[in-house]
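Read-outs throughout are calculated quantities, based only on the coordinates presented, and are distinct from any laboratory measurement. What you see is a predicted model, and the numbers here were worked out from it, not measured in a lab. FYI the Cβ positions are ideal-geometry reconstructions off the backbone, even for glycines, and counts take in every protein chain you see.
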Ligand code: NKO
């Protein structure tokens, strides 16, 4: 039997791996000193291009998806939900970055795909819709984070998954504070319709 606390720590440590920073270092740059300063796929795309950004997106999703997908075979949904939160906390408050980190979006979608594939697909489509209409990645991320708990509640009808999505959404929104300030001032960076 696998000890839950050990699994929780492993999930947090995996979430803590800053793939955006690692990939940018391979390009001889520190992503934290470029663009928005964020370590996420959006800023890596902005600074290093689409291929690097896509790689970071996939890796940041996988480090959330894998431990949660496997956990569903081992633990009950209450414990799986705690692991889901730990994964995103790892990305946003990384032990490898003195508890700084990213904004949690890619890791959250990886986690959500493992919790509920259907709910995740709906959230991804919603994200794409907001992004294509507004041109802002951060707005799409914040609005998706706000609604994901409603979607998963509706699809899975599991109170622990709903709690997990709510808390993960809250973390994502709080991490986007600077983006929200810029959106309100009209100075946020637009990805589309520039
Ligand atoms: O550099 O501050 P920035 O402009 O980079 O970045 C803001 C951005 C940070 O996030 C990222 C990751 C981007 C991933 C895009 C993939 C979109 C797929 C659908 C995501 C839905 C997320 C909802 C989570 C709910 C729990 O925001």
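Treating r as the C-beta distance of residue 98 and residue 133 and R0 as 25 Å, the FRET efficiency rounds to 0.10.
Using only the alpha-carbon atoms, how far is helix 4-16 inclined from the longest principal axis of the chain? Give it as 0 to 90 degrees, nearest 10. Approximately 10 degrees, to the nearest 10. Computed over the chain, the per-residue total of -39500 (n - 2.57) for DSSP H runs of n ≥ 4 gives a 222 nm mean residue ellipticity of -23500 deg cm²/dmol, rounded to 500. Need one word for segment 2-105: rounded, prolate or oblate. Basis is the Cα gyration tensor (sqrt eigenvalues a ≥ b ≥ c); a/c below 1.5 gives rounded, then a/b vs b/c decides. It is prolate, given that a/c is not under 1.5 and a/b is the larger ratio.
Treating each Cα of segment 86-194 as an identical point scatterer and summing with the Debye formula, the log10 of I(q)/I(0) at q = 0.11, 0.12, 0.18 Å⁻¹ comes to -0.34, -0.41, -0.87.
Helix 50-71 and the longest principal axis of the Cα set of the chain meet at an angle near 10°.
Hey, what D do you get for the chain in µm²/s if you plug the Kirkwood alpha-carbon radius into Stokes-Einstein at 37 °C and 0.692 mPa s? So the translational diffusion coefficient is about 198 µm²/s.
For a Förster distance of 22 Å, can you work out the FRET efficiency between the beta-carbons of residue 191 and residue 30, rounded to the nearest 0.05?
Numbers: r = 22 Å, r/R0 = 1.00.
Efficiency, from the Cβ-Cβ distance: 0.50.
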